[in-house]
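One structure is given below, encoded as structure tokens.
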Amino acid sequence: MINEVKQDALNRMNKSIEAFKIELSKIRTGRAHVSLLNHITVDFYGSEVPIGQAANLSVEDSRTLAVTPWDKSMVPVIEKAILTSDLGLNPSTAGTVIRVPMPPLTEERRKELVKVVRELAENARVAVRNIRRDGNNDLKALAKDKDISEDEEHKGQELVQQVTNQSTNEIEALLQAKEKELMEI
């Protein structure tokens with residue numbers, strides 16, 4: 001039973017870390033990367049789909065993305081979706097290819113992005129701590145119902161704490177890497 005509680009906590013913490021990684025990938029660092037556009041959706045023949053399902057996304061050079069729609073009629077729709085996204089990008093169309101240049105980041109903007117990243121990291125840490133609390137509550141309930149002894153409860157709480165420490169260390173490592181990436185010129 002203790003291992004089930006630990007495994008459940010570990011799985012949930014890993015999901016929180018994955019969500020944190022996804023949020024980090026949305027924050028641009030001045031370099032072009034196709035994952036930057038992954039969360040943008042477009043109206044593709046009556047249904048909202050991710051941009052990657054309506055067009056081919058590629059990196060043209062270190063500062064430019066190329067978006068080639070599968071259907072020529074989708075060019076203005078995709079261009080508008082990129083323009084109205086929260087990324088602050090200015091796409092330009094050349095025939096059937098939409099080029100998305102990455103503007104260089106100013107020092108002030110880099111510092112703002114670092115603050116955003118730190119806030120995302122703190123949210124991820126809070127989620128991990130909430131999962132730890134849930135795991136400990138499950139262990140207490142098992143001990144109260146006499147399914148496990150008090151010693152087993154304490155051992156289980158130590159295991160959950162170890163998993164929590166691993167998860168927070170991983171979040172911290174991701175945070176440090178992203179901060180370093182953001183502050184590079």
Legend entry - Cα-based Lys pair tally, the chain, threshold under 21 Å, eight or more apart or on separate chains: 24
Inset, instruction - Go through (1) 1.15; (2) 0.96; (3) 0.94 and flag the label whose value is the computed Rg/Rh (Cα atoms, Kirkwood Rh) for this structure. - result: (1)
Inset, instruction - Evaluate the relative contact order of the chain (contact order divided by residue number), counting alpha-carbon pairs under 8 angstrom at least 6 apart; express in whole percent. - result: 26 percent
Inset, instruction - Report the residue, chosen from Ala81, Ala141, Ala121, that carries the largest GNM mean-square fluctuation when the chain is represented by alpha-carbon nodes joined by springs under 10 Å. - result: Ala141
Inset, instruction - Note the angle between two axes, namely the Cα long axis of helix 150-183 and the longest principal axis of the Cα atoms of the chain, as a number of degrees from 0 to 90, rounded to the nearest 10. - result: 20 degrees
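Quick note: the coordinates plus some simple rules give every number you see, no bench work behind them. This one's a predicted model, so the numbers in the text were calculated from it and none came from an experiment.
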